[in-house]
1. How large is the accessible surface per residue of region 251-398, computed with a 1.4 Å probe and reported in Å² as a whole number?
2. Suppose accessible area is computed on protein heavy atoms with a 1.4 Å probe; arrange H238, H294, H377 from highest to lowest.
3. Using the Karplus curve 6.51 cos²θ - 1.76 cosθ + 1.60 with θ = phi - 60°, work out ³J(HN,Hα) for each residue of region 250-257 in order, rounded to whole Hz, and write x for Gly and Pro.
4. Hey, can you grab everything whose amide H is under 5 Å from the amide H of Q126? Only 5+ residues off in sequence or another chain; H modelled, so Pro and N-termini drop out.
5. Quick one: what are the phi-derived ³J(HN,Hα) couplings along region 119-130, Karplus 6.51/-1.76/1.60 with θ = phi - 60°, whole Hz, x for glycine and proline?
6. Please enumerate, by chain and number, the lysines with C-alpha under 27 Å from the C-alpha of K122, excluding those fewer than 8 residues away in the same chain.
7. Hey, can you rank 249-259, 156-166, 215-225, 317-327 by average C-beta count inside 10 Å, highest first?
8. Give me the three principal axis extents of region 1-81 from the C-alpha atoms, as integers in angstrom, largest value leading.
Amino acid sequence: MLSALGDDWDEAFKKLKAQKNCVKYMKAWDKYLRVNTRLASPYEREFPDYPRKKVRGMGRVSFLALLATERALGMAGLKKADGEVCEELHNGRTGVAYGSCMGSMDAIIELYSIDLDNSTSKINSQTYIKSMPQTCLCNLSVFYGLRGRMISTNTACTSGSQAIGYAYENIAAGLQDIMIAGGAEELVAPDAGVFDALGAAAIQNEEPEKEPKPFDKKRDGLVVGEGAASLILEDMEHAVNRGATIYAEVAGFGTNADGTHITAPNADTMATAMTLAIEDAGISASDIAYVNAHGTSTVMGDIAESIATYKAFGRPVAISSTKSYIGHTLGACGSLEAWLSIQMMRNGWFHPTLNLTDVDERCAPLDYIRGEGREMHAEYVMSNNFAFGGVNTSLIFRNTAV
């Protein structure tokens with residue numbers, strides 16, 4: 001994981017327990033006219049150096065994906081101490097599923113400069129590679145010499161979760177042994193500007209620590225964030241045979257489309273996605289101890305999601321939103337939140353939703369985790385994400401330590 005919470009679980013856990021979010025005032029955005037929000041949750045660490053030939057087609061979003069994947073492969077025992085990856089990654093049975101909302105903004109601006117300047121002077125051989133939607137996917141495939149399946153999941157806020165789900169389905173079908181799966185997003189002002197124009201961005205600029213406020217009746221919108229997370233999915237028998245450390249099992253996946261509106265959420269189809277995941281896992285909703293909510297802190301989104309969750313569970317299941325700590329990381333949020341859900345499940349502690357003091361009465365009566373967080377045993381957890389375009393995803397993970 002790469003996010004404002006840190007690069008590993010120990011660092012993230014300390015910040016989650018401290019109950020202080022990572023939202024900041026973006027002074028550099030003061031130059032933008034008619035943009036009300038100045039809030040974001042950036043990833044501020046320096047990138048390491050790589051040989052230019054290996055990374056020349058990478059913009060910031062691809063670098064985020066690469067660094068997350070480097071660490072994931074190391075944790076999975078698929079990257080050697082000398083930096084070389086295991087030969088198994090080249091045999092055609094290892095693939096990659098990855099997504100982001102878009103390519104790198106600098107490259108996109110370069111690409112469009114031909115219309116602005118009537119010239120190609122700002123376009124070079126790597127401009128399109130950095131700007132294309134599938135830039136993370138293709139760069140990871142080339143960097144590691146992967147010859148298996150390539151699945152591009154550029155579905156906005158479900159990019160990371162769809163990547164995990166589709167990777168899981170490919171392995172379950174026997175089509176691949178190993179899949180790199182995840183999502184990434186670089187922080188750029190236009191992302192904040194889009195939500196600001198929709199009236200969906202948080203604007204309590206003077207007190208960044210009080211934004212966002214998922215499910216709270218006084219919430220005023222979302223905060224954009226930055227980061228990446230990569231998970232290594234593998235056939236269970238294959239992983240056991242090579243002695244891999246197993247963090248969790250992907251137990252179920254559900255995805256569908258609203259088919260009703262390009263931006264307005266549909267509680268019925270959102271609930272169906274959760275039910276599909278539960279059915280795929282072969283369990284009951286009562287077996288799931290915790291739900292990591294999409295929890296964007298938008299009025300329509302929070303209300304619809306809470307109603308959908310209650311409809312799928314029929315009880316006040318424990319729920320919280322990671323976005324209250326690091327904002328909405330867009331294409332990365334599905335994999336970031338899945339990764340954190342797995343780690344919380346393994347450690348028996350689940351973070352609260354920050355800034356949630358007065359639950360909106362229009363939200364369903366769920367067990368909203370607040371205060372100090374909650375210690376509890378969980379055999380199964382669910383992580384949900386929903387995206388513009390009416391894309392819904394639900395992932396269920398099983399605790400392999402029980």
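The values are calculated or read from the model by the stated rules, or taken from the named source; none is laboratory data. All of these numbers come straight from a predicted model, not from anything done at the bench. Neighbour counts are summed over all protein chains in view; Cβ atoms, including those assigned to glycine, are modelled from backbone coordinates with ideal geometry. Ligands, DNA and RNA are stripped out before the accessible areas are found, and what is left, the full protein with its side chains, is counted by its heavy atoms. Shrake-Rupley method; radii C 1.70, N 1.55, O 1.52, S 1.80 Å.
1. On the way: 4610 Å² over 148 residues.
Dividing the accessible area of region 251-398 by its residue count gives 31 Å².
2. Of H238, H294, H377, the descending order of accessible area is H377, H238, H294.
3. Per residue, the Karplus-derived 3J(HN,Hα) values read 6, 8, x, 8, x, 8, 7, 10 Hz.
4. Here nothing satisfies the definition.
5. In residue order, the calculated couplings are 7, 9, 4, 9, 9, 10, 5, 9, 4, 5, 4, 6 Hz.
6. By straight Cα distance, K122 reaches K31, K53, K54, K130.
7. Details: 249-259: 19.5, 156-166: 29.6, 215-225: 23.4, 317-327: 26.5.
Going from most to least packed, we get 156-166, 317-327, 215-225, 249-259.
8. Result, largest extent first: 49, 37, 15 Å.
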